[in-house]
1. Please enumerate the residues belonging to the range 40-64 that are part of a helix (DSSP H, G or I) and over 21 Å from the mean Cα position of the chain (by Cα).
2. Just to be sure I understand, how many residues within the range 279-294 are touching a strand residue (DSSP E or B) at 6+ places or on another chain (Cβ under 9 Å) and crowded, with 19+ Cβ neighbours inside 10 Å?
3. If a residue must be among the charged types (D, E, K, R) and over 24 Å from the mean Cα position of the chain (by Cα), how many such residues does the range 301-316 contain?
4. Is the range 260-275 home to any residue that is among the polar types (S, T, N, Q), more than 28 Å from Ser165 (Cα to Cα) and in contact with an Asp or Glu (Cβ under 9 Å, 6 or more places away or on another chain)?
5. Among helices (runs of 4 or more DSSP H) lying entirely in the range 128-240, which contain 3 or more residues that are out of contact with any Gly (no Cβ under 7 Å at 6 or more places or on another chain)?
6. Might you let me know whether the range 161-180 holds any residue that is at pLDDT below 90, on the phi > 0 side of the Ramachandran plot, surrounded by 22 or more Cβ atoms within 10 Å (Cβ to Cβ) and not aromatic (Phe, Trp, Tyr)?
7. For the subset of the range 189-226 comprising residues that are surrounded by fewer than 16 Cβ atoms within 10 Å (Cβ to Cβ) and modelled with pLDDT of 90 or more, which member is farthest from Pro265 (Cα to Cα)?
8. Hey, Gln229 hits all of (1) touching a residue at least 40 places away in the same chain (Cβ under 8 Å); (2) closer than 27 Å to Ala163 by Cβ but one; which does it fall short on?
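The values are calculated or read from the model by the stated rules, or taken from the named source; none is laboratory data. Quick caveat: nothing in here was measured; it's all calculated off a predicted structure. Note: ideal-geometry Cβ built from the backbone for every residue, glycine included; neighbour counts use all protein chains shown.
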Amino acid sequence: MTRLLIIGSLSGELGQAARIATARGAALAQVDGVTAGLEHLRGAGADLALADAVHDLPWLLERLREERIATPVVACGRNADAEAVLRAIRAGAREFLPLPPEAELIAAMLEAVTAASDAPVCRDPSMRALLARAEQLARAEASVLITGESGTGKEVLARHIHAASRRARGPFVALNCAALPEALLESELFGHEKGAFSGAVASRKGKFEQAERGTLLLDEIGEMELRLQAKLLRAIQEREVDKLGGTHPVKVDVRILAATNRDLPAEVRAGRFREDLYFRLNVVQLRIPPLRERHEDILPLAQHFCARYSAANGLPERALSPLAASRLMTHSWPGNVRELENAMHRAVLLATGREIGTDAVELAEIHAAPDAEPTAAATKPHGPEFAIAALVGRRMEEVERELILETLGRCLGNRTRAAEILGISIRTLRNKLSEYRGRGLTVTPAPGQMPESWRVA
């Protein structure tokens, strides 16, 4: 469940945005101004903040930077608020939400901060057995270690466990332990007091306190440094955290889930992971099998992603042709469910007929061959000079279209994120896509390139 903070009054159009978000499953909190918003983010935290542009958003964004609070802020306003919105965007606001709000745009924003929030989709007996065990364990309070290759859906399973638990009404807070350096990770986990370090201008709750009476997922736990592992172990054992700069421990009531794609017993033997922490986290272990070991899940997942990205892109929902389905079933899926999701999103964008055919299903074969001779693709010229040379002689509108479509593809169809990367408004992006469809243009992969590289047909 996305934790959404509204900064502004709920009596007008921002309230309409709040109601749309709540209907989409967001957990809502509201404050009247930026000072109260900063206090809320220091304490309870949030996954996303929608802020009325009439408030001093540059001040808020500067405070968030100073205190290293990473909550994305979306500036909301009407056309008449253009100058205020522009100041907020220049100050670091993540996006602009035009008022009155559009349900589709709010859904995209919520999805951008809660990727993998869907319930697990499965038909394979091995996954059904795993989900049954997960649901049985969900009712307990024991720590669970979720293992599996990258891209198998470990956070999806963690969210499913939380939703089926007695803590479902509480927050689900996830922290990627590999995404931050040790010093920042410690502050993110345990919080800090004012003056604990340079930039700590106020007290702030860490993820443990933000997850109070809920669930905390420690993703990529195998990447955590040994010193921090010792502090984490104490927090789990004593059910209390020592904030940076604090004078006394803070009691917490949190259920711990951990996820990793590493072989933790091997890490323990190598001295890179504490054995006592491993046994504390591994009360029960759930291993998610790779997609190549659960063939019966491939087509249901593919259909699920097709429906999802058709709706997200305003395109008609198409079924997979028998040949396309056969191609999916024979692929090795080294990237697991994440690779399948990416492939199905590309297929939705590329398909032109009544079905999604093999011409729209582009799959990359990755072979690990350390001693093999470099391929022609690996030895071909690359770098900025080559990239510029490849653009010479092409029309500006073709280059623009290729850039837009490739960026959209790499963002898995998330228009908000793509528009942010491109430096254009979401409305401009939508107009461009409508223009391309109206002209009947299609996209195809560039010869000899990975499927992610698209060009004008």
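1. Step one: list which residues in the range 40-64 are part of a helix (DSSP H, G or I), which gives 40-43, 57-64.
Selection gives His40, Arg42, Gly43, Leu57, Pro58, Trp59, Leu60, Leu61, Glu62, Arg63.
2. Of all residues in the range 279-294, those touching a strand residue (DSSP E or B) at 6+ places or on another chain (Cβ under 9 Å) come to 280-288.
After this cut, where a residue has to be crowded, with 19+ Cβ neighbours inside 10 Å as well, the list is 281, 286, 288.
Total satisfying the criteria: 3.
3. Of the residues in the range 301-316, the ones among the charged types (D, E, K, R) are 308.
Now drop any that are not over 24 Å from the mean Cα position of the chain (by Cα), which leaves none.
Counting residues in the range 301-316 that are among the charged types (D, E, K, R) and over 24 Å from the mean Cα position of the chain (by Cα) gives 0.
4. Filtering the range 260-275 for residues among the polar types (S, T, N, Q) gives 260-261.
Among the residues that remain, those that are also more than 28 Å from Ser165 (Cα to Cα) are: none.
Checked against the condition, which is being among the polar types (S, T, N, Q), more than 28 Å from Ser165 (Cα to Cα) and in contact with an Asp or Glu (Cβ under 9 Å, 6 or more places away or on another chain), the range 260-275 yields no hits at all.
5. Values: elements: 154-163, 182-190, 207-210, 226-238.
Because the criterion is at least 3 residues that are out of contact with any Gly (no Cβ under 7 Å at 6 or more places or on another chain), the helices (runs of 4 or more DSSP H) in the range 128-240 that meet it are 154-163, 182-190, 226-238.
6. No, the range 161-180 contains no residue that is at pLDDT below 90, on the phi > 0 side of the Ramachandran plot, surrounded by 22 or more Cβ atoms within 10 Å (Cβ to Cβ) and not aromatic (Phe, Trp, Tyr).
7. The selected residue is Arg213.
8. Looking at each condition in turn, Gln229 falls short on (2).
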